[in-house]
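Working notes for the structure below.
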Amino acid sequence: MKVLTIRSGMVLLLILTALAVSSCGITAPRSNDGYANLDSPGIADTDRTMSLSLGRTTLRFAARFLDDEPETQALLRSLDGVRIRIYEVNGDSGRIAHKFERMAVKLGKDGWEPVMLVHEDDELVQMFARHTSRGMRGLTIVSAGDDEVVVINIMGNIEPDRFGDVMVALNVEDAPDVQIASVGN
């Protein structure tokens, strides 16, 4: 009887711990308006080399250490989550491109709008934004080249006038000077 009570207690403790960790803000929240439900670019054609999911708590903790970068600090404090996935391409890049086309259609059905498309040499970069009645709530960037695929999903209150700050924080080299007009509802 004592063994059953200890095991029941352990199971309950594990369940409570799992619930606490999943809702504590350490990882990016799936329930957020800016969460993009993205598919893999293809298990047969890519190997995931990195997957990072940062939630509100982690982003605010990181912001505390950026005293000399107030714009980046304010940006991190305004976000609810950031997800980054990097894949190494080891297969058919044509099949990967086709999966991205399907992903773009799926994002469109989920309320995401394409805001940028750059196709240069052998690289494709797409950016999607998700707007709600509360403003821009998500930004998803997909960059695909012959050797690597990078997918970034940013969640939170993304103000159009901070768009340049997002590009600087993501270390986007040679980013064009972009001005975004506010969308009226």
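Brief remarks on what is shown
- Length available on full extension from K109 to A44: 0.36 nm per residue minus the Cα-Cα distance, which gives 20.8 nm.
- 15 Å beta-carbon shell around Y87, net charge (K/R +1, D/E -1): -4
- Projected label points at R134 and E159, each 7 Å from Cα along the beta carbon direction, are separated by 1.6 nanometres.
- The gain in end-to-end length when the D147 to D92 segment is fully stretched comes to 18.7 nm, 0.36 nm per residue minus the alpha carbon separation.
Each reported figure results from applying straightforward, stated rules to the coordinates on display, with no laboratory input. Treat the numbers as computed from the prediction; the structure is a model and nothing was measured. Note that each Cβ is placed from the backbone with ideal geometry, even for glycine, and that neighbours are counted across all protein chains shown.
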